[in-house]
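The values are calculated or read from the model by the stated rules, or taken from the named source; none is laboratory data. Only a predicted model underlies this, so the values are computations on that prediction, with no experimental measurement involved. Please note: Cβ atoms are built from the backbone with ideal geometry, for glycine as well, and neighbour counts cover all protein chains shown.
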Amino acid sequence: MIKLITAIFLALGVITSESFAGVRSIVSDSSNSDVAVSGNSNGNDYTYEEPSYDLDPAVQCQNSGFARRGCPSGYRPIGECPYDSSYYAGCCLAKYQYLAEDCIAAHMKPSADNCMGYYACEQIETPQ
């Protein structure tokens with residue numbers, strides 16, 4: 001008798017376990033809204049729609065710390081956002097407009113001070 005009751009409970013458990021576990025098929029017909037694939041149940045004509053990953057360039061710039069603001073007189077924008085050139089990292093004095101390697105390539109030396117990695121190029125003093 002105990003074996004019969006155990007067998008009944010096991011059979012009921014197997015029958016209902018799928019509905020309790022919330023198991024769903026990855027590939028289903030189009031009536032199931034949770035799947036990325038749609039088509040009919042016999043295996044024909046399945047399609048997959050790739051989700052859009054397009055991001056607004058302005059939002060990307062803002063999320064990366066860039067801002068759209070005017071610089072005061074005598075200053076210029078530095079650090080252009082790669083997603084939207086109207087956003088930049090900050091403002092520097094207009095004299096700071098070269099990278100150190102640009103000064104060196106022009107046979108000049110970068111200034112001792114800089115603004116966000118931009119330098120003023122200075123003439124190299126030659127000994128007399």
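Cβ-Cβ distances below 7 Å connect the following pairs, each with a first residue in the stretch 81-101 that is in the same structural domain as GLN60 (by TED's automatic domain parsing) and more than 25 Å from ASP113 (Cα to Cα), a second residue that is part of a loop (DSSP other than H, G, I, E, B) and of a type outside the set (Asp, Glu), and a separation of six or more residues or different chains: SER86/ARG68. Of all residues in the stretch 107-118, those that are in contact (Cβ under 8 Å) with a residue 40 or more places away in the chain have Cβ atoms under 7 Å from Cβ atoms of residues that are loosely packed, with under 15 Cβ neighbours inside 10 Å, 6 or more apart or on another chain, in TYR118/LEU99.
Among the residues of the stretch 94-128, those identified as surrounded by 10 or more Cβ atoms within 10 Å (Cβ to Cβ), hydrophobic (A, V, I, L, M, F, W, C) and part of a loop (DSSP other than H, G, I, E, B) are ALA94, LEU99, ALA106, MET108, MET116, ALA120, ILE124.
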